[in-house]
């Protein structure tokens, strides 16, 4: 399979702060790589380097087969970038935003008009096409921003926290639109703090923290690193906890854990339906009232905590010190283009 993005040993330092410390990654064409990590992990710095807005201090990378330092112009011709916040002009209409960008990207007036109409239809913005963008909802702005990133039909798309601030319904719509692009062969590198977003969109996930790669794999592979499925049992009455714990300990492969406040017991069982049946029978023999009895697989939340020792910062703006420094470098890079 062709490799659309490849990086080896990427490093970046801002003064005394090591934003990236030798990041390696590889993204197959037509797939989605989710870049997952807490605030300050180096996600945005990685994207900005791969999008040629920053130059690495060490290492090298290619995007769409071109070197991000020596062949920046060729890279820029083949990528689209949507940042954490919609980068469209609120005073212009949706159509004007897309047509202006198409003209700047040398599509020609006719080509820009045609491409704008196509994207407005694809992203269900035709009804608002002639309205100023400042009247759009947050979800509509994000859709227009994604359409803007696709105006030149890029083969590689960078999405940096694309659904920040969106409600769940708008987030789902944007996810489906990203999936449509991947179905058409576009390669996507996605940074996110929404773990369900990474689980839904990403073919593979790279977990980074403090500028270093902690783990890589498919969502299922990463979940298996945390452990197998476990049984969660909820009781109606706290008085039955001791009896239930004693019964489950006989069929568990490890000592059960208990949350007394919520009257919930978690227990690791041997593989197979027989272990589940044995657990149910053991509980029934105690006579305790069970209100919940369910198998739970490890989630990406569990993976994240297992690897970083931290809870996720879902829903917060990613505005760490390294990214703030990167913004200054972005401005200089744009001025020199």
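The values are calculated or read from the model by the stated rules, or taken from the named source; none is laboratory data. What you are looking at is a predicted structure, and each value in this text was computed from that prediction instead of being measured. Cβ atoms come from the backbone with ideal geometry, glycine included; neighbour counts cover every protein chain shown.
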*Matching option when the condition is more than 16 Å from the chain's Cα centre (by Cα) and either modelled with pLDDT under 90 or in the same structural domain as residue 174 (by TED's automatic domain parsing) (or both), among 242, 216, 197, 228*: 228
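Hey, any hits in region 162-176 for a residue that's in contact with a strand residue (DSSP E or B) (Cβ under 6 Å, 6 or more places away or on another chain) and either modelled with pLDDT of 90 or more or in a loop (DSSP other than H, G, I, E, B) (or both)?
As a first pass, look at region 162-176 and keep what is in contact with a strand residue (DSSP E or B) (Cβ under 6 Å, 6 or more places away or on another chain): 162.
From the residues that got through so far, the ones that are either modelled with pLDDT of 90 or more or in a loop (DSSP other than H, G, I, E, B) (or both) too are 162.
Yes, that holds for at least one residue.
Consider residue 166 carefully, then state whether it is within 29 Å of residue 65 (Cβ to Cβ) and touching a helix residue (DSSP H, G or I) at 6+ places or on another chain (Cβ under 7 Å).
No, not satisfied.
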*asked:* Every residue in region 50-93 that is without any contact (Cβ under 8 Å) to a residue 40 or more places away in the chain and in a helix (DSSP H, G or I), please.
replied: 72, 73, 74, 75, 76
_Against the definition (under 25 Å from residue 48 (Cβ atoms) and part of a strand (DSSP E or B)), how does residue 157 come out, yes or no?_
yes
*Restricting region 246-274 to residues that are assigned to a helix (DSSP H, G or I) and surrounded by 17 or more Cβ atoms within 10 Å (Cβ to Cβ), which is nearest to the chain's Cα centre (by Cα)?*
248
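In contact (Cβ under 8 Å) with a residue 60 or more places away in the chain, outside any strand (DSSP E or B), within 18 Å of the chain's Cα centre (by Cα) and buried (at least 23 other Cβ atoms within 10 Å of the Cβ) - does that describe any residue in region 29-37?
If we filter region 29-37 for residues that are in contact (Cβ under 8 Å) with a residue 60 or more places away in the chain, which is where we start, we get 29-37.
Next, only the ones that are outside any strand (DSSP E or B) stay: 29-31, 37.
Now restrict to residues that are within 18 Å of the chain's Cα centre (by Cα): 29-31, 37.
Filter once more, keeping what is buried (at least 23 other Cβ atoms within 10 Å of the Cβ): 37.
Yes - at least one qualifying residue is present in region 29-37.
Surrounded by fewer than 23 Cβ atoms within 10 Å (Cβ to Cβ), farther than 12 Å from residue 146 by Cβ and touching a residue at least 60 places away in the same chain (Cβ under 8 Å): is that true of residue 167 in this structure? Can you show your working first?
Working: surrounded by fewer than 23 Cβ atoms within 10 Å (Cβ to Cβ): yes; farther than 12 Å from residue 146 by Cβ: yes; touching a residue at least 60 places away in the same chain (Cβ under 8 Å): no.
Against the criterion (surrounded by fewer than 23 Cβ atoms within 10 Å (Cβ to Cβ), farther than 12 Å from residue 146 by Cβ and touching a residue at least 60 places away in the same chain (Cβ under 8 Å)), residue 167 does not qualify.
From the set of residues in region 177-192 that are in a helix (DSSP H, G or I) and surrounded by 16 or more Cβ atoms within 10 Å (Cβ to Cβ), which is modelled with the highest pLDDT?
Our first condition is that a residue be in a helix (DSSP H, G or I); within region 177-192, this holds for 177-183.
Now narrow it down to the ones that are surrounded by 16 or more Cβ atoms within 10 Å (Cβ to Cβ): 177-178, 181-182.
Values: 177: 89, 178: 91, 181: 91, 182: 94.
The residue in question is 182.
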*Restricting attention to region 200-213, and to residues there that are part of a loop (DSSP other than H, G, I, E, B) and within 12 Å of the chain's Cα centre (by Cα), which single residue is nearest to residue 163 (Cα to Cα)?*
202
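Can you work out which of the residues in region 278-298 that are part of a loop (DSSP other than H, G, I, E, B) and without any contact (Cβ under 8 Å) to a residue 60 or more places away in the chain is farthest from residue 247 (Cα to Cα)? Give the derivation first.
So the first thing to find is which residues in region 278-298 are part of a loop (DSSP other than H, G, I, E, B), and the list is 287-289, 297-298.
Checking the rest, the ones that are also without any contact (Cβ under 8 Å) to a residue 60 or more places away in the chain come to 287-289.
Details: 287: 11, 288: 11, 289: 13 Å.
The residue in question is 289.
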*How many residues does region 105-140 contain that are in a helix (DSSP H, G or I), under 22 Å from residue 84 (Cβ atoms) and at pLDDT 90 or above?*
5
